[in-house]
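Novice: To start, I am sharing the structure in question, which I have written as structure tokens.
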Amino acid sequence: MKFRFPILIIDEDFRSENTSGLGIRALAEAMEQEGAEVIGSTSYVDLSQYAQQQSRASAFILSIDDEEFSGSDEEPAIANLRDFIQEIRFKNNDIPIFLYGETRTSSHIPNDILRELHGFIHMFEDTPEFVARHILREARAYTDGLAPPFFRALLEYASDGSYSWHCPGHSGGVAFLKSPVGQMFHQFFGENMLRADVCNAVEELGQLLDHTGPIAASERNAARIFNADHCFFVTNGTSTSNKIVWHSCVAADDIVVVDRNCHKSILHAIIMTGAIPVFLTPTRNNLGLIGPIPLSEFTPESIQRKIDANPFAREAQQRHPERKPRILTITQSTYDGIVYNVEKLKGLLDGKIDTLHFDEAWLPHATFHSFYRNMHAIGQDQPLCDESIIFATHSTHKLLAGISQASQILVKDSKGKKLDRHIFNEAYLMHTSTSPQYAIIASCDVAAAMMEPPGGTALVEESILEAINFRRAMRKVDAEWGDDWWFEVWGPDEIAEDGIGEQKDWVLGSSDNWHGFGNVAEGFNMLDPIKATVVTPGLNVAGQFAESGIPASIVTRYLAEHGVIVEKTGLYSFFIMFTIGITKGRWNTLVSALQQFKDDYDKNLPIWKIQPEFAQAFPIYESVGLRDLSQRVHDAYRQSDIARVTTDMYLSPMEPAMKPSEAYAKMSHGEIDRVEIDQLEGRSTAVLLTPYPPGIPLLIPGERFNRTIVEYLKFAKMFNGTFPGFDTDIHGLVDEVIDGNRRCYVDCVRE
Ligand SMILES: *Cc1c(COP(=O)(O)O)cnc(C)c1O
């Protein structure tokens, strides 16, 4: 397999007819003779931009006779060179850097620079051919060392051209070539993707299911990079990682302590294991954003009170008073970007709960930057627990460079207890396909290797910086509009003037008003700046509706039709993320699209003109103006006081009528009734009920409908009838028309 990693030469004489130009071009030709690609540049223009090339080059060759580095004064020359090399080394410790000169020698260069070099070339002392071979040897050693273990083995396998008799049946893509539509598929995805799509009969690649060979070496490599004792790659998303963690340590009738606003995979794990959950309730602000679970909820006394209040948990504890709660699972980084100080939680719960599990689907980057110190589950310098084992589950594909479904489970042993890998692997096998997708495994491997410091740290720093720059840009636009309305980005009032500032800028203070979560414990939570919630006008953080307003769904629909797709839409807020794939172009496009929105809104332009696709899909809005439409939806929200209703329903007390697994079993047996909204109060749901937004399960199987929830469902039914295209989607609520009759029901257990 041939990869493209050119050698970069920077010399102002590269195109000159003087001796220096002849010399450097002779070297370039000699390298090309050896088959290397060489790119010559005559100027640094922007040093830091040039240093960015570190990701696609195999070596740098810098002339130190250049103007940039000389001049009458020696010092600025050296300073320039140092800046440039530091800029490269900030991201890349290994790429070879050579200096060369005619008049100067290495004695002109201070040690701190020499230390970073792979050689100093005296141009006319050796032949160009000799120097070329020397450079190319270093460059090749560098690129040969790049691929981590599994990816390396896969590359070798895919390029060795052996015939396979094993599955997959497409035989390295050949099957596709036998049909026209197959040809299209083959041409689109390319030969390599299909050649690398192999099965676990290929021994030399190792086995994911029993963690052997190159796959095991990759998992060990990732464990080292993420500072964990164990790492397991998972090819079916963190949804599966979470179930694996749970099945490895939770059994029927175990008491488990769970974030009420957890991902649905955790609720599925509760159903599958037959556990008895007690829930920790996060705060919510009036914008509908999910805040932290208060520190006081985590105390052993508070957890005991919850057990006492739950008849099933109480009974389980009476039967087995010696058993502790088996697991705590919290969403580490809520969907709105709030994270917890893990050291404080360890201090409270070590030894009180057997396993502490942090669902870090949105936080795999945190361990690579001191900005997040102590605000993530597993990291360098974080002390071990005495008794509890720590798990973190990461969606590699959400914020790092993994392809969809790439996920990993990290484990940190405690002083007293080590993970039993055999027991753990039984759960792993239960949830893992016997035909895992090798491209996903390779992306787990590569995503980890990319994050190895210093490269990974630089990438995280870059995304934090872009996120904060976006916030600065939004503030600048706001300031320029003066009293006229504009969109705000939810976050601290003060942010650093430049650079990324410090962690403490983002820590939630008890007396801060901006977050709206009230009196939070000092130092317990921070907002991850790379998660940005844009707030639209109409509702303030105190929960008051303004006369006029712009519900977020109006804005995000508009944005979608202008090529900007956001991550999540709330009532008066929407959410975007600054992953390591962020570019300046992306967020600048958003800022300008929002300005366009404002312009069209102020002019009240008709929908047919600004959103033709939407108008075609929903002709009832065709001639409505953008401002009028916003106002109509806003009025509907305001009249129903919907912000209060959604907050109340998530905070309302939930009464379990039976264990979630029992309720689910009733459904498997068909012992359910389809209950219309009007009849729901007091009935127990058999299904997960999940409103979008915010996409957080509201009721879990076995829990009873209370009045607040029924009130919300009535609103949703009315709203969806009035505003098609802006539907509040509620998974679990079936809204269907049969023989002209509209029915809205939920499957409830027959009691
Ligand atoms: C997305 C998500 C998951 C599931 O991850 P997938 O990789 O999509 O399966 C689990 N937990 C949380 C908190 C998530 O946001």
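Novice: If I ask for residues that are of a type outside the set (Phe, Trp, Tyr) and crowded, with 17+ Cβ neighbours inside 10 Å, which ones from segment 542-561 would you list?
Specialist: As a first pass, look at segment 542-561 and keep what is of a type outside the set (Phe, Trp, Tyr): 542-544, 546-557, 559-561.
Residues satisfying the conditions are 549, 550, 551, 552, 553, 554, 555, 556, 557, 559.
Novice: Sticking with this one: Is there a residue in segment 58-79 that is open to solvent by less than 40 Å² (accessible area, probe 1.4 Å), in a loop (DSSP other than H, G, I, E, B), under 28 Å from residue 369 (Cβ atoms) and at pLDDT 70 or above?
Specialist: yes
Novice: Same structure, new question: Take residue 662 and tell me if it is of a type in the set (D, E, K, R), in a helix (DSSP H, G or I), in the same structural domain as residue 744 (by TED's automatic domain parsing) and within 30 Å of residue 262 (Cβ to Cβ).
Specialist: Criteria met by residue 662.
Novice: Can you name every residue in segment 261-275 that is open to solvent by less than 10 Å² (accessible area, probe 1.4 Å) and either among the charged types (D, E, K, R) or not in a loop (DSSP other than H, G, I, E, B) (or both)?
Specialist: 265, 266, 267, 269, 270 - these are the residues of segment 261-275 that are open to solvent by less than 10 Å² (accessible area, probe 1.4 Å) and either among the charged types (D, E, K, R) or not in a loop (DSSP other than H, G, I, E, B) (or both).
Novice: Separate question: Between a first residue in segment 208-226 that is among the β-branched types (Val, Ile, Thr) and a second residue that is outside any helix (DSSP H, G or I), which pairs have beta carbons less than 8 Å apart while being 6 or more apart in sequence or on different chains?
Specialist: Here the result reads 212/206; 215/206; 215/207; 215/208; 215/233; 225/452, each pair linking segment 208-226 to a residue that is outside any helix (DSSP H, G or I).
Novice: All but one of (1) open to solvent by less than 30 Å² (accessible area, probe 1.4 Å); (2) touching a residue at least 40 places away in the same chain (Cβ under 8 Å); (3) not hydroxyl-bearing (Ser, Thr, Tyr) hold for residue 172, so report the exception by its number.
Specialist: Failed condition: (2).
Novice: I've got another one for you. What is the one condition in (1) among the charged types (D, E, K, R); (2) within 26 Å of residue 140 (Cβ to Cβ); (3) surrounded by 14 or more Cβ atoms within 10 Å (Cβ to Cβ) that residue 4 does not satisfy?
Specialist: (3)
Novice: Please count how many residues of segment 551-591 are in a helix (DSSP H, G or I) and closer than 30 Å to residue 55 by Cα.
Specialist: Total satisfying the criteria: 8.
Novice: Conditions: (1) crowded, with 18+ Cβ neighbours inside 10 Å; (2) closer than 30 Å to residue 529 by Cα. Residue 595 meets all but one. Number of the miss?
Specialist: Tallying (1) crowded, with 18+ Cβ neighbours inside 10 Å; (2) closer than 30 Å to residue 529 by Cα, residue 595 fails exactly one: (1).
Novice: Please pick out the residue among 84, 120 that is open to solvent by 10 Å² or more (accessible area, probe 1.4 Å), at pLDDT below 90, hydrophobic (A, V, I, L, M, F, W, C) and under 26 Å from residue 22 (Cβ atoms).
Specialist: Going through 84, 120 in turn, just one is open to solvent by 10 Å² or more (accessible area, probe 1.4 Å), at pLDDT below 90, hydrophobic (A, V, I, L, M, F, W, C) and under 26 Å from residue 22 (Cβ atoms): 120.
Novice: Continuing with the same structure: Examine segment 487-500 for a residue that is open to solvent by less than 10 Å² (accessible area, probe 1.4 Å), among the charged types (D, E, K, R), touching a residue at least 40 places away in the same chain (Cβ under 8 Å) and under 21 Å from residue 596 (Cβ atoms), and state whether such a residue exists.
Specialist: No - not one qualifying residue is present in segment 487-500.
Novice: Right, next: Of the numbered conditions (1) within 15 Å of the ligand (Cβ to nearest atom); (2) assigned to a strand (DSSP E or B); (3) open to solvent by 20 Å² or more (accessible area, probe 1.4 Å), residue 258 satisfies every one except a single condition; which is it?
Specialist: (3)
Novice: Going by the conditions given, is residue 321 within 16 Å of the ligand (Cβ to nearest atom), outside the structural domain of residue 506 (by TED's automatic domain parsing) and outside any strand (DSSP E or B)?
Specialist: no
Novice: From 242, 236, which residue is open to solvent by 20 Å² or more (accessible area, probe 1.4 Å) and within 15 Å of the ligand (Cβ to nearest atom)?
Specialist: Within the list 242, 236, the selection yields 236.
Novice: Provide a single number: the residues in segment 587-641 that are within 15 Å of residue 557 (Cβ to Cβ), touching a helix residue (DSSP H, G or I) at 6+ places or on another chain (Cβ under 6 Å) and among the polar types (S, T, N, Q).
Specialist: Looking only at that region, the number is 2.
Novice: For residue 726, which of the numbered conditions (1) over 28 Å from residue 630 (Cβ atoms); (2) modelled with pLDDT under 90; (3) part of a loop (DSSP other than H, G, I, E, B) fails to hold?
Specialist: For residue 726, the failing item is (1).
The values are calculated or read from the model by the stated rules, or taken from the named source; none is laboratory data. All values reported here derive from a predicted model rather than from experimental measurement. Methodologically, a virtual Cβ is constructed for each residue, glycine included, from the backbone with ideal geometry; neighbour enumeration extends over all protein chains shown. Accessible surface areas use protein heavy atoms only, side chains included; no ligands, DNA or RNA. Shrake-Rupley method; radii C 1.70, N 1.55, O 1.52, S 1.80 Å.
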